[in-house]
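Just so it is clear, none of the values below were taken in a lab; they were calculated from the coordinates. The structure presented is a predicted model; accordingly, all values stated were derived computationally and were not measured. Because the Cβ atoms are built from the backbone with ideal geometry, glycine has one as well, and the counts that use them run over all protein chains shown.
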Amino acid sequence: MLDFYQKRKLKGILLLPITRIILFLIVVFLAYSAFVRYKIAAEMKERREQAEIEVQELEKQKRLLEKKVDYLSNERGIEAELRRQFDVTLPGEEVIVIMEPENQQTEPVAATSSEKERPWYVFWD
């Protein structure tokens, strides 16, 4: 019999309005906490993707710099950069300038007769 009265007492406590309000507030608090954690997780995922993209770009830049260091570490690369940036020549070298012949001029192509007959204010067909 004691069991029956305990169940009845528990049921009476659960049916009280204050108990329902407290349970509702607990559920709302848990739902809000879960939503906040979801937003944080989504933001962290986005940040991670951006960081991975940035790492890839930095690795690409590192490879390019390593190639440039290798190029400039030998004498041929240093000489090529000096010639490119400062127009340096060795003694005895001469400059060769290649020019196109001046007598080859292109003449304008004559317009077809259909283009001549159109009014001046028509821009499209």
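Please sort by residue number the GluC sites (Glu not before Pro) in region 28-71 whose DSSP state is loop and whose Cβ has at most 12 other Cβ atoms within 10 Å.
Counting only loop positions with at most 12 other Cβ atoms within 10 Å, none of the GluC sites (Glu not before Pro) in region 28-71 qualifies.
State the Cα centre-to-centre distance between region 1-56 and region 74-89 in whole Å.
70 Å
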